[in-house]
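The structure appears right after this line, and notes come after that.
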């Protein structure tokens, strides 16, 4: 069971330092930990708890509220099929059934080789071209049974590796760039905005 | 200061008026509607609301109609503060429909397993469904199913199907206990209360979640399937597992104690209990219980009749009295903190008058001297928790007095009280303290002196760095000194921080504080249940009942109308008694519920019982010391006898008697009376009332304190002695009862009846001590030592030993309660990694500890919370095979104990 790597731990500490209250960093740290392992390992949860000063139960409780934070291992590719109204009318349930047959798993399960996890998802905002499918939170709208099969083949063969982020990565920015914000810059910006606010307040009071 | 109080007990300037169901009632500004309606006797159903916790408005059961800018609307009564002129309707058709609907939703997934549920019969969900619910279910679908029950800890089990997600338990854990080890997991209809994998809900307060669960979701392993609520009988009592004096109800079934529940006593425990107090009733039925008198014959303890046991005991004590000129050097008595106040008085009379020895001590070398407990100006828990600044010099209060810890934690978190903690090892309170200064064990006095000095610490010579004081950095001292200087009055909580240092160190610290700030008031904390009551009764050398010295009380007690005689001179303390017994110069030793062989912090304590003294053990359990006694007299335990008890504030509350003592066990006062008869005397006591009557007559402290007073509904939360005036009337408005706050004791007579506060009759904080207004002549006074004890200079190779209490130790109550015994930690020596690295050792290694008590094996553990140069080992814990407990290392005759760890060869 893996916790955060030394690099990610250092990064997590930087993230915590960005917030006035350490516990505000709880969810960002969950994303970072998930980007590493694809899911929130119990070790990572304990580490996050220590970093932000809450108990492991509180981290787990918070993370469990969100569908996009995983507390169980997920496959390399997390395939989500939208089943909300537009996609449903466009055949989402049929596609989901097909996906289950194609991957040999039920919705919510992971293939034995750990490659695919299949999930049902809420609206992915691809309503103009149902059915919308997401792979590791990258969108592939307008899917039918045959395009879905092609998608799965491409994924399995690694042909989409450039397009689809590694599993567990929720943030698109995170995939391409490292953490850009510098603590001193953030603090300077915060100080500037505090100053501006107090000036506005003073001006308002002086006025009336 | 008197505050003008109206009929509802609210200061008038903070009052608003609201209309509830057409009737005008007064409410306090800022309070929630539900507490105003409760006070007015209007019941609003509720689940999540608990009067001792912050509201969350989660369950929606308390919806009422409230007037607003857009007319009447449904609002949660627990979450909306009152406003002047607000109109509230709790019984309209709309409200009833809302209640009906909320209950229907709550019952959607709630199993209908009431007949097999422990909560059935005292269940708020069951009761409120009957009162406000739909009556019939429209739900025909499959309910959700979970594996059940699951273990949250060794004490608490969770049945998730029954949970209604009121968040009482999770809020208690994070808000009140500060142990957020349980939390809601997941969302929507799959929400469950859960722990993190691999963790347990290991909180000293976990049992409270079971107490406040409004359904049968949380159950306690010791009570599971043990009884049905309608079979339970109950009596209100005071917990004596520690000296906090929490109010409880004792519930029994078939003459067996089955359960304790916390009573909402405003000045003390505010409805909470610690797990030790809640679950140690299993010790009543422990295999070690003594139920028949025993005498030693041919080296073995054999059962006998009371008559024979008393005769043998009287013979042994009589022989000891005959050979010595002064009974104080012939007979020693140890213990008494287990007794009720009335028992203690009877024993004091037997010991000091009939036997005539003054060598009696209720303190087993673990508290403060009697003159400090009785003679320092007192502060109550409420006064400590409302003071702007509190100086805490105690062991870890969460281990020693868990509910006092909760009260102080709440005060610190509210921002009302700044806590300054002086300690030698990290404590649970440290998280909430404004300042925590970690000093070298035994050197508190010099730290206190520096904190109250006229100027900041100075360097030895210009340009040099300022040396630390007692191991505390000079800058920390200066900062705290500045903080202290800003407060004119101070309240201090003091206790013996470590059993590996003598009382001298603590007394010196208190003396330094009292010299610098004479107006300081003190809450002296000790562990043993009724130690204060035993001292009040005179079970200590040099004092007589009523907090007076031997000299001060002589005229009263030595008179014919008193006891007839009192000892001529001050006798020995426990330590001296044990030493004298070990040397063979003590003739007889009486153990009053004391187990000095394992429970006295000195490496030589074991020898005391093999020095040839005749030993009588008056005990409920066959403890290690009782096993070596010549006569064992079985005594009744808690809940098997009545009377009163005194907590460390000096607050006197009642003890409830619910079950009969097992076998032939007697109440302690009866044993004293019969033993006096066997010794050819008569104590003159045939009942509790006799004792109370004599005490009221002879002891000014107990004047007016009759059973009539202590059994009155308005003194349920206890009284502080002496009563300021004669009782003029015993009034007290019954507090509106919240049947859902603590399910199971809703029907308790006088439950949560609070005297009008502050009660004019019992105002004040006692009148003893140097600053007491009417301290009687001859009162015990705190005696300041001439100078602090001389400590050995810190030596680079030695570690100064700290032996703190642990809540779960090897005491008879924990060992006798199977569920608690499993939780007791194993005793290891915890040191900083720096000190272990020097020896090339690591956690789990066995090292040789060279101590005043000899060279012994101990298991070590790295703990960087421990300062360098310090070693911490909990007192009276089980240890690994071949190693020794902390007691074997401690030398109580030295001010501190230094040990040296050596690699094993």
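The values are calculated or read from the model by the stated rules, or taken from the named source; none is laboratory data. If you're wondering where the values come from, they're calculated on a predicted model, not measured in any experiment. All Cβ positions, glycine included, derive from the backbone under ideal geometry; neighbour counts span all protein chains shown.
Run residue A:79 past the list (1) in a helix (DSSP H, G or I); (2) within 22 Å of the chain's Cα centre (by Cα) and report the number of the one that doesn't hold.
For residue A:79, the failing item is (1).
I'd like to verify a number: residues in segment B:159-188 that are more than 18 Å from residue B:741 (Cα to Cα), within 13 Å of chain A (Cβ to nearest Cβ) and part of a loop (DSSP other than H, G, I, E, B), how many?
6
Mind checking whether some residue in segment B:475-496 is in contact (Cβ under 8 Å) with a residue 40 or more places away in the chain, farther than 17 Å from residue B:449 by Cα, crowded, with 22+ Cβ neighbours inside 10 Å and in contact with a helix residue (DSSP H, G or I) (Cβ under 9 Å, 6 or more places away or on another chain)?
yes
Could you go through segment A:130-140 and let me know if any residue there is in contact (Cβ under 8 Å) with a residue 24 or more places away in the chain, surrounded by fewer than 19 Cβ atoms within 10 Å (Cβ to Cβ) and over 17 Å from residue A:75 (Cα atoms).
Scanning segment A:130-140, I find no residue that is in contact (Cβ under 8 Å) with a residue 24 or more places away in the chain, surrounded by fewer than 19 Cβ atoms within 10 Å (Cβ to Cβ) and over 17 Å from residue A:75 (Cα atoms), so the answer is no.
Taking segment B:140-158 on its own, how many of its residues are away from chain A (no Cβ under 14 Å) and assigned to a loop (DSSP other than H, G, I, E, B)?
Summing the residues that are away from chain A (no Cβ under 14 Å) and assigned to a loop (DSSP other than H, G, I, E, B) in segment B:140-158 gives 12.
With the checklist (1) on the phi > 0 side of the Ramachandran plot; (2) within 14 Å of another protein chain (Cβ to nearest Cβ); (3) in contact with a helix residue (DSSP H, G or I) (Cβ under 6 Å, 6 or more places away or on another chain) in hand, flag the one item residue B:121 doesn't pass.
If we test residue B:121 against (1) on the phi > 0 side of the Ramachandran plot; (2) within 14 Å of another protein chain (Cβ to nearest Cβ); (3) in contact with a helix residue (DSSP H, G or I) (Cβ under 6 Å, 6 or more places away or on another chain), just (2) comes out false.
If I ask for residues that are closer than 14 Å to residue A:120 by Cβ and exposed (fewer than 15 other Cβ atoms within 10 Å of the Cβ), which ones from segment A:74-109 would you list?
Hits for segment A:74-109 are A:85, A:93, A:94, A:97, A:106, A:108.
Here is a list: B:206, B:153. Which entry is in contact with a strand residue (DSSP E or B) (Cβ under 6 Å, 6 or more places away or on another chain) and under 25 Å from residue A:54 (Cα atoms)?
Of B:206, B:153, the one residue that is in contact with a strand residue (DSSP E or B) (Cβ under 6 Å, 6 or more places away or on another chain) and under 25 Å from residue A:54 (Cα atoms) is B:206.
Please enumerate the residues belonging to segment B:872-886 that are buried (at least 18 other Cβ atoms within 10 Å of the Cβ) and either part of a helix (DSSP H, G or I) or at pLDDT below 90 (or both).
Correct list: B:886 only.
Look at residue A:13 and say whether it is assigned to a helix (DSSP H, G or I) and within 14 Å of chain B (Cβ to nearest Cβ).
Here the answer is no, as residue A:13 does not meet what is asked.
Somewhere in segment B:887-898, is a residue part of a strand (DSSP E or B) and buried (at least 16 other Cβ atoms within 10 Å of the Cβ)?
Yes: segment B:887-898 contains one or more residues that are part of a strand (DSSP E or B) and buried (at least 16 other Cβ atoms within 10 Å of the Cβ).
Quick check, is residue A:33 within 14 Å of chain B (Cβ to nearest Cβ) and in a helix (DSSP H, G or I)?
no
Regarding segment A:168-178, can at least one residue be identified that is in contact with a helix residue (DSSP H, G or I) (Cβ under 6 Å, 6 or more places away or on another chain), buried (at least 19 other Cβ atoms within 10 Å of the Cβ), part of a loop (DSSP other than H, G, I, E, B) and modelled with pLDDT of 90 or more?
No.
Looking at B:252, B:237, which one is closer than 14 Å to residue B:646 by Cα, in a strand (DSSP E or B) and in contact (Cβ under 8 Å) with a residue 24 or more places away in the chain?
B:237
Could you tell me whether any residue of segment B:385-393 is closer than 24 Å to residue B:791 by Cα, outside any helix (DSSP H, G or I) and free of Cβ contacts under 8 Å to residues at least 24 places away in the same chain?
No: zero hits.
For residues in segment B:257-268 being part of a strand (DSSP E or B) and in contact with a helix residue (DSSP H, G or I) (Cβ under 7 Å, 6 or more places away or on another chain), which is nearest to residue B:650 (Cα to Cα)?
Among them, the one singled out is B:262.
Being assigned to a loop (DSSP other than H, G, I, E, B), closer than 23 Å to residue B:50 by Cα and at pLDDT 90 or above: is that true of residue B:203 here?
yes
If I ask for residues that are in contact with a helix residue (DSSP H, G or I) (Cβ under 8 Å, 6 or more places away or on another chain) and farther than 18 Å from residue B:498 by Cβ, which ones from segment B:864-905 would you list?
B:864
Residues checked against (1) in the same structural domain as residue B:634 (by TED's automatic domain parsing); (2) part of a loop (DSSP other than H, G, I, E, B); (3) closer than 25 Å to residue B:644 by Cα:
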{"site": "B:540", "(1), (2), (3)": "yes, yes, yes"}
{"site": "B:546", "(1), (2), (3)": "yes, yes, yes"}
{"site": "B:562", "(1), (2), (3)": "yes, yes, yes"}
{"site": "B:580", "(1), (2), (3)": "yes, no, no"}
{"site": "B:585", "(1), (2), (3)": "yes, yes, no"}
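Could we say that residue B:869 is buried (at least 19 other Cβ atoms within 10 Å of the Cβ) and within 30 Å of residue B:619 (Cα to Cα) here?
So residue B:869 does not fit the description; no.
Of the residues that sit in segment A:39-73 and are buried (at least 21 other Cβ atoms within 10 Å of the Cβ) and not in a helix (DSSP H, G or I), which one is nearest to the other protein chains (Cβ to nearest Cβ)?
Here the residue is A:55.
Got at least one residue in segment B:249-270 being modelled with pLDDT of 90 or more, over 27 Å from the mean Cα position of the chain (by Cα), closer than 22 Å to residue A:57 by Cα and away from chain A (no Cβ under 14 Å)?
No, that holds for no residue.
Can you work out which of the residues in segment A:3-38 that are over 19 Å from the mean Cα position of the chain (by Cα) and touching a residue at least 40 places away in the same chain (Cβ under 8 Å) is surrounded by the most Cβ atoms within 10 Å (Cβ to Cβ)?
Residue satisfying both the conditions and the ranking: A:18.
I need the helices (runs of 4 or more DSSP H) fully contained in segment B:269-384, keeping only those with at least 3 residues that are assigned by TED's automatic domain parsing to the domain that holds residue B:693.
Hits in segment B:269-384: B:306-323, B:327-330, B:341-349.
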